[in-house]
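Engineer: First the structure, which I've put down as structure tokens, then a few questions once you've had a look.
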Amino acid sequence: MTDGRSHQGRVVSDGLAIGRTAVLKRREGEILRIPVDPEAVDDEIERFRVAIATTSAEIGKTRDRVEELVGADLAGIFAAHDLILNDRLFVDEVVRRIRDELVNAEWAVHETSAGLEEQFARIETEHLRERGEDLRDVTRYLMRSLQGISHHELSEMSRDRIVVADELTPSEALRLGRRGVAGLALEAGGPNSHTTIVARALKVPLVVGLGAVSDRIGDGEVAILDARQGLLLVDPDPEVVERYRRELEDRSHRESERSASRALPARTIDDVLIGLHANIEFPEELEDALRYGAEGIGLYRSEFLYIERSPELPGEEEHFELFRQMLVTMAPRQVVVRTFDLGGKKLARQILERDEENPSLGLRGIRLTLSRSDIFRVQLRALYRASVHGRLAIMIPMVSGMQEVWLFQALCQDVMAELRREGHDFDPQVPLGAMIEIPSAALISGHLARELDFLSIGTNDLIQYTLAVDRSNDRVAGLYQPTHPAILELLSMVTQRVGDSARLSLCGEMASNPFWTPLLIGAGIRELSMSPGAIPEVKQRIRHLDARFCRETLEAMCKNFCTSIEVDEELRRVLPLE
Ligand code: PEP
Ligand code: MG
């Protein structure tokens, strides 16, 4: 924090936003405090009243069933539930909170119950104290009913809001981003977390690592989010707002100039051609990929379809239609679809059915898909069926050893045989590839290259697993160093081991930052895949580089330096960004 109303964090998704704050708070993991606009208050109260009626009916049904099964005595317990539901003190207090505090019904119910529970806990008489438990039961029922009624939801947030929260899951960021909120300001979060990737994909300015700000900011305050400098300015002077408004206008003007370089080749001054492809999470990004001149889609993170559909699982037809559209839109360019990489920090609850103590090292990526081949087959069938509509390639995530590749290949054969029996058309030669994002995969990349058609280095995870630094934990963000000499050595090693045996690209976030482009070219990478919006700057950088000089610089760095600070300094000295 720099002064009373200016908060300093870290830039992770570039951009600028002027808006009003909306402070999200979270209780017990699931219950979010979502601000409600004054004009939506009556609807929110009505939602609460409908939830009471639904809950009351539900409790009534349960009571009847219990009475039928075990008699009227036990069924009497539910009378207490009904009493609470119709208790004026409880109902009026929830309504008051929604109206006065301008918050969603879930939050108002939670806070009211918590307050009453505290009072119950202080009661000496045990019999009365137990009413606290009834209250908890009723609250649970009510929450369930509320969730079933067209939510006051994140996706209803007003578009001019700058959302301030402790942290956001990727699916929350997705709902807010899709809604088109002005910006996201988070207390925690890391530069390469999936929440960050979603924000970048949806072009929502995001600042993370702001520290405990949500208790110091009210709803509806005028704010500026300057995600270029990692700043959240609350209640700024009108002149400051005016200056930022002008900058916003300039930015949208410059944006239209950026696509002008789309037809130029990404060729170094010593004539080395670099392939530039796009990473996407949502089909609407295809337009940007084409606008900025992507030669293909180097990474489609297909798990985002699952995240969007959660808690349902997307079916074969939905998958098929999505893949078909992507292939048709990009044709004749290639689309690399990564099979769903759920697990880790990305939602997998409906598949895993339990939490893991150490999810990043648990059942994620290809491990999860192989363990749930019933779900995986749905995706694979859709992929092969879509393969006749364009140039498809299939890539598997989080490979740690060759057995996973063999199991995957066998599954593909099996799916193809099944489709053949059913009379479906498909391309039996769809290239198969794997991500190199675990050090063991990097070390056996020569073997993997001989077994597969292509490989793609995922530096986001490769850095995380090599340096043992959680990519989304802001407390160790300083240790997450893409230019750690160990990482540079690994990259060079992979390009050498892969050689000509397979196509090799790099699709981690490192590819999006033009400052690091010389290191990647120096390491021998000839194909990069990045967020579509990064393509113009990276291309511009490539066109001013000499690939041989990049290689010599990288070799000298690996020989002489053992810290990322030295690497960054040297890079700034010999190959500064213009
Ligand atoms: C990576 O790990 O670099 C990668 C591209 O995959 P994700 O960011 O989706 O884990
Ligand atoms: Mg990864």
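Engineer: Condition check: within 19 Å of the chain's Cα centre (by Cα) and within 16 Å of ligand 1 (Cβ to nearest atom). Does Gln464 satisfy that? Give the derivation first.
Structural biologist: Details: within 19 Å of the chain's Cα centre (by Cα): yes; within 16 Å of ligand 1 (Cβ to nearest atom): yes.
Here the answer is yes, as Gln464 does meet what is asked.
Engineer: Residues in region 461-489 that are within 23 Å of Ser505 (Cα to Cα), more than 15 Å from ligand 2 (Cβ to nearest atom) and not small (Gly, Ala, Ser): how many?
Structural biologist: Counting residues in region 461-489 that are within 23 Å of Ser505 (Cα to Cα), more than 15 Å from ligand 2 (Cβ to nearest atom) and not small (Gly, Ala, Ser) gives 6.
Engineer: With respect to the numbered conditions (1) more than 16 Å from ligand 1 (Cβ to nearest atom); (2) within 17 Å of Tyr306 (Cβ to Cβ), which one is the sole condition not fulfilled by Glu422?
Structural biologist: For Glu422, the exception is condition (2).
Engineer: Of all residues in region 440-450, which are over 18 Å from Ala486 (Cα atoms), surrounded by fewer than 17 Cβ atoms within 10 Å (Cβ to Cβ) and not small (Gly, Ala, Ser)?
Structural biologist: Kept after step one, since they are over 18 Å from Ala486 (Cα atoms), are these residues of region 440-450: 446-450.
Narrowing the set further to residues that are surrounded by fewer than 17 Cβ atoms within 10 Å (Cβ to Cβ) leaves 446-447, 450.
Across region 440-450, the qualifying residues are His447, Arg450.
Engineer: Now for a separate question. Could you count how many residues in region 394-439 are assigned to a loop (DSSP other than H, G, I, E, B) and within 16 Å of Ser505 (Cα to Cα)? Full working, then the answer.
Structural biologist: First, pick out the residues of region 394-439 that are assigned to a loop (DSSP other than H, G, I, E, B): 397-401, 423-431, 437-438.
With the extra rule that they be within 16 Å of Ser505 (Cα to Cα), the set shrinks to 397-399, 431, 437-438.
Within region 394-439, residues that are assigned to a loop (DSSP other than H, G, I, E, B) and within 16 Å of Ser505 (Cα to Cα) number 6.
Engineer: Sort through Leu462, Leu448 and tell me the only one that's within 21 Å of Ser302 (Cα to Cα) and among the aliphatic types (A, V, I, L, M).
Structural biologist: Leu462
Engineer: Mind checking which residues of region 523-565 are in contact with a His (Cβ under 9 Å, 6 or more places away or on another chain), closer than 20 Å to Glu281 by Cβ and not small (Gly, Ala, Ser)?
Structural biologist: Listed by number, the residues that qualify are Glu527, Leu528, Met530, Ile535.
Engineer: Output yes when any residue across region 448-460 is within 21 Å of the chain's Cα centre (by Cα), over 21 Å from Ala502 (Cα atoms) and either within 15 Å of ligand 1 (Cβ to nearest atom) or without any contact (Cβ under 8 Å) to a residue 24 or more places away in the chain (or both), and no when none is. Step through it out loud before you land on a result.
Structural biologist: The initial filter retains those residues of region 448-460 that are within 21 Å of the chain's Cα centre (by Cα), namely 456-460.
Keeping just the survivors that are over 21 Å from Ala502 (Cα atoms) gives 460.
Among the residues that remain, those that are also either within 15 Å of ligand 1 (Cβ to nearest atom) or without any contact (Cβ under 8 Å) to a residue 24 or more places away in the chain (or both) are: 460.
The answer is yes, given that some residue of region 448-460 is within 21 Å of the chain's Cα centre (by Cα), over 21 Å from Ala502 (Cα atoms) and either within 15 Å of ligand 1 (Cβ to nearest atom) or without any contact (Cβ under 8 Å) to a residue 24 or more places away in the chain (or both).
Engineer: I need the full set of residues from region 451-479 which are at pLDDT 95 or above, crowded, with 23+ Cβ neighbours inside 10 Å and of a type in the set (Ser, Thr, Tyr), in order please.
Structural biologist: Listed by number, the residues that qualify are Ser456, Thr459.
Engineer: Name the one entry in Ala199, Ala223, Ala185, Ala173 that is more than 22 Å from Val103 (Cβ to Cβ) and either buried (at least 24 other Cβ atoms within 10 Å of the Cβ) or within 16 Å of ligand 1 (Cβ to nearest atom) (or both). Please lay out each step first, then the result.
Structural biologist: Working: Ala223 fails: more than 22 Å from Val103 (Cβ to Cβ); Ala185 fails: more than 22 Å from Val103 (Cβ to Cβ); Ala173 fails: more than 22 Å from Val103 (Cβ to Cβ).
It is Ala199.
Engineer: Shifting gears a bit: What number of residues in region 480-509 are part of a helix (DSSP H, G or I) and modelled with pLDDT of 95 or more? It would help to see each step written out before you state the result.
Structural biologist: To start, the set of residues in region 480-509 that are part of a helix (DSSP H, G or I) comprises 485-498, 509.
Filter once more, so that each one left must be modelled with pLDDT of 95 or more: 485-498.
Number of matching residues: 14.
Engineer: Scan region 484-529 for residues that are farther than 17 Å from Asn460 by Cα and touching a residue at least 40 places away in the same chain (Cβ under 8 Å) and jot them down.
Structural biologist: Met493, Arg497, Val498, Gly499, Ser501, Ala502, Arg503, Pro518, Ile521, Arg526 - these are the residues of region 484-529 that are farther than 17 Å from Asn460 by Cα and touching a residue at least 40 places away in the same chain (Cβ under 8 Å).
Engineer: Sticking with this one: Pick out the one residue from Arg228, Arg175 that is within 26 Å of Ser512 (Cβ to Cβ), assigned to a helix (DSSP H, G or I) and not polar (S, T, N, Q).
Structural biologist: On the way: Arg228 fails: assigned to a helix (DSSP H, G or I).
Being within 26 Å of Ser512 (Cβ to Cβ), assigned to a helix (DSSP H, G or I) and not polar (S, T, N, Q) holds for just one of Arg228, Arg175, which is Arg175.
The values are calculated or read from the model by the stated rules, or taken from the named source; none is laboratory data. Just so we're clear, the structure is a prediction, and the values are computed from it rather than from any experiment. All Cβ positions, even for glycine, are placed from backbone atoms using ideal geometry, and neighbour counts span all protein chains on display.
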